[in-house]
Amino acid sequence: MSDVTDAARWLGVSTDPAAGRRTWLACLIALTALLVLGNIANYARLDLNYGWDLHVNCAAVDAHARGLDPYFVKNLKVTTLSYPYLPVTLDVFRPFCTGGLFAGHYMAVYFVLAVLCGLLLPGLGRTRTRARDVALRVLCALGAFVGFEWVHVSGNFAILSGVLTTIALMLLLRAPADGASADPSFALRLAGAALLGLVTSFKLVFFPVLAALYFLPLPRGRKLVLIAVAAFSFAVPILISRLSYPDLFASWLLAIAGQIPGQHSVDLVEVNPSLLLLAQSLMEHAGIHGRPAVLATYALAALALVLVPFALSVLRVAADRPVREGGSRLLQLDRWLMDHPRAATRITVLAMFALYLCSPRLKEYGFFELALYAAILVVDLPVRPLAAFLAMGLLAPSMISLAGTAIEGTFILLIAALMCFWILLQDFRAEPKRLDLEGAQP
């Protein structure tokens, strides 16, 4: 019995008889950790052809170094997949491909980097970090939506964007100070916004995530500056690619538009568990064809399932301000965010989660970055929502993967992520100011 009690104490569960019922949460977290790590180990020991995305990226870097156009698959070695990134990334990725050391040991390196992401992710609640919170963040980074599994197996460079995203969030979500207008950390927030914009330029479809910066607990002018800096940083790699690599930029445009015959092309509706592809599948089952109908259904699904419920929830808490303060609904929201800094930071991360989830091209490996946003929010959940999130976001996908059930080409991960979003949203609706109260506790 002492082992269970010690585990409960380490996981932050009270051993007082009145709170003894929470011990089962310690067991649930332990079971989840075993399944997550077991799933990663299971894939690591299988004799499969791993690292195909890494091979594509390094083959493109090698072709560029030899003076060949890497956007033509015929110039790449041992692959039939095309290189999707901007031309400037060919030189950025070169250190990771030179010598073959990274490619030869990438699975161990990726695991270490994923753990590092979990360790570095910021917290939103109590000012004192608990071992339980850090462990949950690491567990979520490694196992939520089996996103890391896909990064690990494919060797996708989403691990690098995940590390950069983590650093950006560390800079942006700093503990709020009294008098935000004189906040000395604003320069660091600017750096975080610039880094987040740079990260979204790797995968252009995630650009809307930058709009979530509006929910930070800062004066409106400063928030707009952060968004402008992030947008400029997003545009810089595109401008550099256009001006410094004009020929390659033209080839990149042809490649992503699918205008290079006889080779794989990046398509918004290629196989991926996104809302866009779900809309296309529904339209095909209904016998309705045509891109306008698909896009309209996709927009309706994103609004109905994610964006409108989120917006209404945020506006509802802002509307609780005294009527005498007056002003527009947006001004009321600005005031509420400033008055409740930790809740505002929580809303910011939830907005990032929502906007990322609505991406029209959310590949399986993209769920790794989604898991990083979720990891920040999960640790502050009460017992029941936390258990529900662990069950839907980590336990179920890991068990499905361990059972050998095909996840690629299905909407299993999308459904799991949507349900986890609603768990997080319902918790916020129930107690929007909880983090501000917990933040005052040691």
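Compared with the direct C-alpha span, the chain from residue 295 to residue 211 gains 28.1 nm at full extension, assuming 0.36 nm per residue. Given the alternatives [x] 23.7; [y] 23.0; [z] 21.8, Kirkwood radius over Cα pairs in Å as computed for this entry is given by [y].
Residue by residue, the stretch 230-243 carries 3J(HN,Hα) couplings of 5, 5, 5, 5, 4, 7, 4, x, 5, 5, 4, 5, 5, 8 Hz when phi is fed to the Karplus relation 6.51 cos²θ - 1.76 cosθ + 1.60 (θ = phi - 60°); x denotes Gly or Pro. Taken as Cα centroids, the stretch 327-350 and the stretch 188-246 sit 21 Å apart, rounded to the nearest whole angstrom.
Give the calculated FRET efficiency between residue 66 and residue 286 to the nearest 0.05, with a Förster radius of 56 Å applied to their Cβ-Cβ distance.
Efficiency, rounded to the nearest 0.05: 0.70.
In the context of the full set of protein chains, the chain has a per residue accessible area of 43 Å² (1.4 Å probe). Between residue 304 and residue 429, residue separation times 0.36 nm minus the direct Cα-Cα distance comes to 43.3 nm. With the helix formula -39500 (n - 2.57) applied to DSSP H stretches of n ≥ 4, the chain reaches a computed 222 nm mean residue ellipticity of -19000 deg cm²/dmol. Shown is the FRET efficiency for residue 406 and residue 315, computed with R0 = 41 Å from the Cβ-Cβ distance and rounded to the nearest 0.05: 0.50. Contact order, relative form, for the chain: 23 percent (alpha carbon pairs under 8 Å, 6 or more residues apart, mean separation divided by residue count). Subtracting the Cα-Cα distance of residue 267 and residue 134 from 0.36 nm times their residue separation leaves 44.1 nm of extension gain.
Pairs of Cα atoms nearer than 8 Å and 6+ residues apart set the relative contact order; for the stretch 103-153 it is 43 percent.
If a spin label sat at a point 7 angstrom from the Cα of residue 415 along the line to its beta carbon, the backbone N atoms of the stretch 248-279 nearer than 14 Å would be those of 273-274, 278.
The values are calculated or read from the model by the stated rules, or taken from the named source; none is laboratory data. Computed from a predicted model, the values in this text were never measured in an experiment. Using ideal geometry, Cβ is built from the backbone for each residue, glycine included, and neighbour counts are taken over all protein chains shown. Ligands, DNA and RNA are stripped out before the accessible areas are found, and what is left, the full protein with its side chains, is counted by its heavy atoms. Shrake-Rupley method; radii C 1.70, N 1.55, O 1.52, S 1.80 Å.
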